[in-house]
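S.K.: Take a look at this one; I'll ask things after.
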Amino acid sequence: MADPLIGEQWAVGQLRLPEVWARGARGEGVVIAVVDTGVDLDHPDLVDRLVPGIDVVDGDAVPQDTNGHGTHVAGIAAATADNGIGIAGTAPRARIMPVRVLGTDGTGTDEGIARGIDWAVANGAGVINLSLGETGVLSRISKGGPLNAAIRNAAARGVVVLAAAGNEGTAKRNYRAGTPTLVVNATNEAGQVAQFSNTGDLRAVAAPGVGILSTAPTEPTTLWPNGSRGYERLDGTSMATPIVAGIAALLLGAGIDPALVLDRIAQTADTNGNPQLGAGVVDPVEATS
C-alpha cells in the first residue's frame, strides 16, 4: 500500500485488512454517513471520498468540522488508500457523507441527531456511523426516544447502523433491546477490552479503539486547539465504531444483502474466550469470505 503512515495503523495489521482489500473488497459504491461533528472538507486524505452532506446544527449545507472528532472518525472508516499520503481507511473506496449534528463543543440534541440520521437515509447512505460515546449525548438518550426511532426507520430502509458503546468503563445498556443496531466496544492492541470501554449491550461486537491513528484537521479545533499535523491518535469506542462501519461497507460493496450484514459481522467475530467482548472482536477476513 502506498500510504506512508499505514505501518502506524496497528488495527490494519491485526484485522488483516490488506488480505480483504486484495480480494477486491474495498467498499466501492457504498456511502458511509458520519453522523458527528462534521468533517474537514479539505483534508487531502478525505477530499476524494466525500459526497454532499448537511449541517443540522447551524442549518448549513457545509458541514465543516470545528471540533475534530468527526474528521478522525471519517478517516478510520474510509480514508483514501494508495494515494501516497497518510493512512488507509477500513473501506478505502467507500464514500463519506458528513452529517454535522454536534457542535464545536461536541454536544447536540437527540432530536438533532435523529434529523441527521433521517437526512442520511433519505440521501443515499448505506451505512450510518454513530460515534457518540464521548460526546455527552449518549448518556441522555431515552431508551424509546427519537434516536431509537430514527435507527429503526434507517434499518427498515435497508441502512446498516453502527453505534459506539461509550467510554465510562461500565456495564450498561444504551439502546433498547431490539433496536436494530450493532453496538461497538473497544479493545486494546492485546485484544482485551479497553479499560474505558462500556460493555453490556445485548447485541455488541468489539474492535480496536486504543491509540488509533487517523485524519485530523490542521486548523485549530476543539480537540487540537493549536492545530494538528493532519494525523493524530485518539482512544475511544468512537474510534472502534468506524472500523466496524467500514467492515459493513466492505460487505455491502461485495453484494451482501443489507439485512444480513450485522448478523454476518457478529457471527464471524471472535471472543477468544473473553465473555466481556460481547459477540467478539470483528474479523473482516471471515466476514467477507
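S.K.: Show me, for the range 82-87, the HN-Hα J-couplings you get by feeding each phi into the Karplus relation (A = 6.51, B = -1.76, C = 1.60, θ = phi - 60°), rounded to Hz, glycine and proline as x.
M.R.: 6, 10, x, 9, x, 10
S.K.: For 159, 205, which order do you get if you count the other beta carbons within 10 Å of each Cβ and list the fewest first? Spell out each step's value before the answer.
M.R.: Values: 159 23, 205 32.
So the ranking, lowest neighbour count to highest, is 159, 205.
S.K.: Name the residues whose placed amide hydrogens come within less than 5 Å of the amide hydrogen of residue 281, ignoring near sequence neighbours (fewer than 5 apart) on the same chain.
M.R.: 206, 270, 271
S.K.: Next up: Hey, rough spin-label estimate for residue 123 and residue 42, points 7 angstrom out along Cα→Cβ, what's it come to in nanometres?
M.R.: Spacing of the two 7 Å Cα→Cβ label points: 2.1 nm.
S.K.: Suppose the Debye formula is applied to equal point scatterers at every Cα of the chain; what is log10 I(q)/I(0) at q = 0.11, 0.13 Å⁻¹?
M.R.: Each listed q maps to, in turn, -0.52, -0.75.
S.K.: Apply the Karplus curve 6.51 cos²θ - 1.76 cosθ + 1.60, θ = phi - 60°, to the phi angles in the range 253-265 and return the couplings in whole Hz, x for Gly and Pro.
M.R.: Listing the rounded values in order: x, 8, x, 6, 4, x, 5, 9, 5, 5, 5, 4, 5 Hz.
S.K.: What FRET efficiency, computed as 1/(1 + (r/R0)^6) with R0 = 22 Å and r the Cβ-Cβ distance, is obtained for residue 28 and residue 51, rounded to the nearest 0.05?
M.R.: On the way: r = 14 Å, r/R0 = 0.62.
With a Förster radius of 22 Å, E is 0.95.
S.K.: Additional query: In a Gaussian network model over the chain where Cα atoms closer than 10 Å are linked, find which of 229, 93, 203 has the largest mean-square fluctuation.
M.R.: Taking springs between Cα atoms under 10 Å, the residue moving most is 229.
S.K.: Near the amide H of residue 60, under 5 Å away, which other amide H atoms are found, from residues 5 or more places off or on another chain, if H is placed in the peptide plane?
M.R.: Excluding prolines and chain starts, which carry no amide H, the hits are 55.
S.K.: Report the Cα-based extents of the range 99-250 along its three principal axes, largest first, to the nearest Å.
M.R.: Rounded to whole Å, the extents work out to 40, 33, 32 Å.
S.K.: How large is ³J(HN,Hα), in whole Hz, for each residue of the range 218-228 in order, when computed from phi with the Karplus curve 6.51 cos²θ - 1.76 cosθ + 1.60 and θ = phi - 60°, using x for Gly and Pro?
M.R.: 7, 6, x, 9, 4, 6, 10, x, 9, x, 9
S.K.: I need the shape label for the range 195-289. Rule: rounded when a/c is under 1.5, else prolate if a/b > b/c, else oblate, with a, b, c from the alpha carbon gyration tensor. Walk me through the intermediate numbers first.
M.R.: Working: a/c = 2.82, a/b = 1.61, b/c = 1.75.
Verdict is oblate for the range 195-289.
S.K.: Would you mind putting 75-84, 100-109 in packing order, based on average other-beta-carbon counts within 10 Å, highest first?
M.R.: Working: 75-84: 24.5, 100-109: 20.7.
The densest-packed peptide leads the list: 75-84, 100-109.
S.K.: Among 283, 263, what is the fewest-to-most ranking by other Cβ atoms within 10 Å? Intermediate results must be reported in sequence, preceding the final value.
M.R.: Numbers: 283 19, 263 12.
Ascending number of Cβ neighbours within 10 Å: 263, 283.
S.K.: Can you list the residues, at least 5 places off or on another chain, whose amide H is less than 5 Å from the amide H of residue 160, using H built in the peptide plane?
M.R.: 127, 128
Coordinate-derived values only; no laboratory data. Nothing here was measured: the structure is a model prediction, and the numbers come from that model. When we count neighbours, we look across all protein chains shown, and the Cβ atoms used for this are built from the backbone with ideal geometry, even at glycine.
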